[in-house]
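Here is the structure we will look at.
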Amino acid sequence: MAQAPQRSHLFRNLFIGALILLLLYSLAGFLLLPWWLKRTLPDQLEQRMGWQTEISDVRSNPFTLSLEARNLSAQDSDNEKVVAFDRLYINLNFFELVRGIVGFEAIELDEPFIRLDLLEDYSVNFARDFQAARAEQDDGEAEQSGTEDEGGLPSLYFQQLAINGGEVLFRDFTQEEMAEFRITPLDLTLNDLATWQREDRRSGYHLQASLGTQSLEWQGKLSVTPLYSNGSLAITGVDHNTLGHFLAPYLPYDLRSGKVTVRSDYELQAGDVLHLLTRNGSVSVEDLAVAPGTQSAEPRLTTAAIAVNNIGFDLNARKASVGEISLEQPDIALARNQEGEIDWLAALDTFSGDSDAQEPAPDAAAKAERPFRWSLAGIRVSEGRVLWQDQQPDSPAEVTLEQLSLVTGDIRSAMEDPTSYRLQSVLGSGGTLSLNGQITPQPFTLEAAISGSGVVLSAFEPYLQESANLAIAGGTLGLDGNLDLDNQEAPLTGTFSGTAEVSGLDLKLPESNEQLVSWQTLRLAPIEYNVHPARLEIGTVNLVRPAINLVRHTGNVHNIEQIMASPATDPEATATAPEAEAGEQTQFIVRVGQLMLENGVLDYTDRTLDPVFTTTLDQLNGTVTGLSNVSPQQGKVAITGRVGGSGRVELEGTVGPLGTEETSHLTLAMQDLSLPALSPYIGRYLGYGVESGKLALDLDYEITGSQIEASNLIVADRLGLGASIASEQAVDVPVKLGLALLRNNDGVIEINLPISGDLDNPEFSVGQVVMNTFVNLLAKAATSPFSILGSLADFAGLSGEELGQVYFEPGNARLAPGEAEKLAALAEALRNRPDLLLNIRGGVSRVTDGVVLLREELAASGNGAPTEQAWEEAREAYLAGERTLAAEALGKLASARAVAVQDILRNTHDVPAAQLFLLDPSRDARVSDNGKVVVEFTLDAR
């Protein structure tokens, strides 16, 4: 019976002890632990982080193993809030603890706040505060705190972890201006997560975060041991400000607008080898706007949408695959400044130049790795626009491609497979272009079917003006052909075959309204061009209705001469040019099967003349065949036309290989050219206008290299001069006399003027040489008329000097022996040239004729011959002037001689009296060496 009370006291004591323990546990759990945490936590944060912390309430429940803290707020040394939350709730799992596992049934964090600062040195504020707080501790504590347990992960289990309504304030101080990003709300749920390996059990997680209208959603499955995760990630609506800030160190351009959305499924597994696999990825960009730099007032690249689908990546297999890249309404503007810098490339060069980062050299192991492989399903561009603005030419150029569409086939990293493409566009200035074919990047090959129609050439005028002083007033280009390039072995080889046509071309000199060169159609078909060795072959060139307006301005400058721009001369380049040409071994071969000319026109105006000279060469039709620069090719020319509205012109001959020293032989024949039309030009040199007449030319030119040998047969029919023209260049001779001498009895002047010279000599001009030769001949005829008569006809061996005079026997009007033949020849020349007038000046010699007349006078007065003594006395007295003849004796003899010549010419040789004129006799005529008295003639013209 004694044991019963003892047992009851034992149970009672145990019960009381249990109650006391329970009470103590309750007091510790409900009161002591919250009090201790509320006091210790701020001290710990201050010691370890240097933060001033306040917490309004801490509660715990020892029976449910839960802890709740409310309204925590921590401020750093700058008195700025760094960490805060409204509520933290932790609930441990008792049964997991019994198993040695720290298990959390729930962890809930409501309205947390974290301020994360990325500092200038790329450290974060948490690390900075931690290091600053540790620096205040003694060295021993610092060393002791550095000893850590490097064992494996403890056994932890999280049944549910939730973050509700979180906020992360991220501030970036690494750039010139601090940027601030506020991520809110941030929600995270994590279920069934363990730190040890479990078969076929993985936790689920779901993370959502927002930065304004930008959002992140990450969900999937997760295991810690081994590390494995699979799920999906979606980042939506990331705007240009966010992208621009984080990409600034890597992007040389300025983002102005745009939103990016990225989505992908993934699978991650860590072990001996890290496995990362993504699939079903996509990237979309909306309303993108980019400028080459901050200095650009407007964005230079915009797109309505960019979409990339079916993105996949396999880290272990080292490959990536991308579906088709689609760009809708891309609009890009490129500009080149006067120094030749393109804005987009200049920004890239500047950005690269400022970067101090250097890529590490690949080591041997990296080189030995398998190459990374990638594939792209193609690129599709729709409704694109490209604007090219060029300030480098003297006149700024602007070319726009609109309605641009591009479709390509698959592209792979090996670059060895051909990729198909199709490009189409409309030029803003007019015309369409299209290319389609395939390209192989490595080794490079290209196949392209090129087509263009209605391409307005005026848009490319600034580039033409870099090499020619021309303005394009009209004209379109059409092109259709195939281009093949191959660079498998150097040098690049390839061919182009097709046709080309330029229609409605109208070229002028800048700031001039006068047409210079134009044509209706220029068609080249077929064209065969070979890149290496360089060769151009054109089957037929059809040139329809070409027109050239050739104008000679004051200063003797032709408008055609103004076409060639004057390039700046580089002395070094000039010095090395001959060496470069000498080193060029491969000749560029050119062949043209035939050039067909249809209804061509050449207008010529000479404004150096007064009045202005104009003429037209039109109705030009014909062919030029077999043109080439390769020997022994000989081309043939056959062209006909009309000149001056009525004359006919024919050009025929052969053309040697272009650019060689071989001979070309050309003949040019003109008929029925109106001479009055040439009056301004002829009047400059003759001093008279032309009222009537026709001109015919028969020119025969032989050209070898730059040397020319030519005969110029000129036939002028019924050339009639008009009023005189004041000209400093007019020849100062009796022009009408010269022309009268050159005319035959039919009124025709026929002259052959041979010339020769060097066409490379800038002072040599064929037309000028012909005109100078003709004027010199005319001057010679006018100043030495009888010499010309002697050279124009066969006058029985008589010279021009002999034709201009006759000899008389002293003292009478009887011709000396042989002089009658002179008058016969002279009469023939006068009859053949009815415009010639012969002036006959009778003459006597006072001495020669006077002595004879004195003897006759003595004989008549003395009824017989005088004695020798009387004769000598009379002769000496006459010669001394002491004795004279009858006053009329010498005058009658001089006149009689003139009349005698006139009568012979008129009565014997039928020279019209209208051509013969008697001049005042000469009393001092010349005496020939054989003692004959000379009567001289002069010529004149009507």
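Just a few scattered comments:
- Here is the figure for region 412-428: residues that are surrounded by 17 or more Cβ atoms within 10 Å (Cβ to Cβ) and of a type in the set (Gly, Ala, Ser) total 2.
- Residue count for region 254-280 under the criterion of being at pLDDT 80 or above and over 17 Å from LEU301 (Cα atoms): the result is 18.
- Qualifying residue in region 651-659 (condition: in the same structural domain as SER711 (by TED's automatic domain parsing), part of a loop (DSSP other than H, G, I, E, B) and of a type in the set (Ser, Thr, Tyr)): no
- Look at (1) at pLDDT 90 or above; (2) touching a Lys or Arg at 6+ places or on another chain (Cβ under 8 Å) and you find that LEU72 fails only one, number (2).
- Criterion: closer than 21 Å to LEU401 by Cβ, surrounded by fewer than 18 Cβ atoms within 10 Å (Cβ to Cβ) and among the polar types (S, T, N, Q) - qualifying residue of SER453, SER512, SER497: SER453
- SER674 of a type in the set (Ser, Thr, Tyr) and surrounded by fewer than 16 Cβ atoms within 10 Å (Cβ to Cβ): no
- Residues being touching a Gly at 6+ places or on another chain (Cβ under 6 Å) and not hydrophobic (A, V, I, L, M, F, W, C) - total across region 835-852: 1
- Every pair of residues 6+ apart whose Cβ atoms lie under 9 Å, when the first sits in region 405-428 and is over 22 Å from ILE332 (Cβ atoms) while the second is buried (at least 16 other Cβ atoms within 10 Å of the Cβ) and among the charged types (D, E, K, R): SER413/LYS319; PRO418/GLU447
- Of all residues in region 881-890 being without any contact (Cβ under 8 Å) to a residue 40 or more places away in the chain and not acidic (Asp, Glu), the one that is nearest to LEU837 (Cα to Cα): ALA889
- Total residues in region 677-699, condition hydroxyl-bearing (Ser, Thr, Tyr) and either crowded, with 20+ Cβ neighbours inside 10 Å or not in a helix (DSSP H, G or I) (or both): 3
- Just one of the listed residues (THR625, THR663) is among the polar types (S, T, N, Q) and either modelled with pLDDT under 90 or surrounded by fewer than 16 Cβ atoms within 10 Å (Cβ to Cβ) (or both), namely THR663.
- Scanning region 249-282 for residues that are buried (at least 17 other Cβ atoms within 10 Å of the Cβ) and either in contact with a Lys or Arg (Cβ under 8 Å, 6 or more places away or on another chain) or of a type in the set (Phe, Trp, Tyr) (or both) yields a total of 4.
- The single condition among (1) at pLDDT 90 or above; (2) in contact with a helix residue (DSSP H, G or I) (Cβ under 9 Å, 6 or more places away or on another chain); (3) basic (Lys, Arg); (4) within 30 Å of GLN175 (Cα to Cα) that LYS81 does not satisfy is (2).
- Any chance LEU251 is over 30 Å from ASP192 (Cα atoms) and modelled with pLDDT under 90: yes
Yes/no per residue for (1) surrounded by 17 or more Cβ atoms within 10 Å (Cβ to Cβ); (2) under 30 Å from LYS736 (Cβ atoms); (3) in contact with a helix residue (DSSP H, G or I) (Cβ under 8 Å, 6 or more places away or on another chain); (4) of a type outside the set (D, E, K, R):
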position: THR867; (1), (2), (3), (4): no, no, no, yes
position: ALA894; (1), (2), (3), (4): yes, yes, no, yes
position: VAL899; (1), (2), (3), (4): no, yes, no, yes
position: ASN907; (1), (2), (3), (4): no, yes, no, yes
position: PHE917; (1), (2), (3), (4): no, yes, no, yes
position: ARG923; (1), (2), (3), (4): no, no, yes, no
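- Inter-residue pairs, beta-carbon under 7 Å, first under 15 Å from SER512 (Cα atoms) and in region 462-473, second in a helix (DSSP H, G or I), 6+ apart: ASN469/GLN562; LEU470/LEU464; ALA471/GLU461; ILE472/LEU457; ILE472/SER458; ILE472/GLU461; ILE472/LEU464
- Strands (runs of 3 or more DSSP E) wholly inside region 388-504 that include at least 1 residues being in contact with a helix residue (DSSP H, G or I) (Cβ under 9 Å, 6 or more places away or on another chain): 397-408, 419-427, 471-486
- One residue from ASP920, ASP940, ASP910, ASP903 being among the acidic types (Asp, Glu) and free of Cβ contacts under 8 Å to residues at least 60 places away in the same chain: ASP903
Listed here are the residues, each with its yes/no results for (1) among the polar types (S, T, N, Q); (2) touching a Leu at 6+ places or on another chain (Cβ under 6 Å); (3) assigned by TED's automatic domain parsing to the domain that holds TYR688.
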residue	(1), (2), (3)
ALA723	no, no, yes
GLN729	yes, no, yes
PRO734	no, no, yes
ALA740	no, yes, yes
ILE749	no, yes, yes
PRO754	no, no, yes
ASP758	no, no, yes
LEU778	no, no, yes
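- Scan of region 213-230 for residues that are more than 15 Å from SER264 (Cα to Cα), surrounded by 16 or more Cβ atoms within 10 Å (Cβ to Cβ) and aliphatic (A, V, I, L, M), ordered by number: LEU222, VAL224
- Any pair with Cβ under 6 angstrom, 6 or more apart, that starts in region 536-549 at a residue that is under 9 Å from LEU597 (Cβ atoms) and ends at one that is among the small types (Gly, Ala, Ser): PRO546/GLY600
- For the residues ALA317, ALA297, ALA335, the requirement of being in the same structural domain as THR236 (by TED's automatic domain parsing), touching a helix residue (DSSP H, G or I) at 6+ places or on another chain (Cβ under 8 Å), over 16 Å from ILE379 (Cα atoms) and among the hydrophobic types (A, V, I, L, M, F, W, C) singles out ALA335.
- Listed conditions (1) touching a residue at least 12 places away in the same chain (Cβ under 8 Å); (2) farther than 17 Å from GLU821 by Cα are all met by LYS932, apart from (2).
The values are calculated or read from the model by the stated rules, or taken from the named source; none is laboratory data. Predicted, not measured: the structure shown is a model, and the values here were computed from it. Note that each Cβ is placed from the backbone with ideal geometry, even for glycine, and that neighbours are counted across all protein chains shown.
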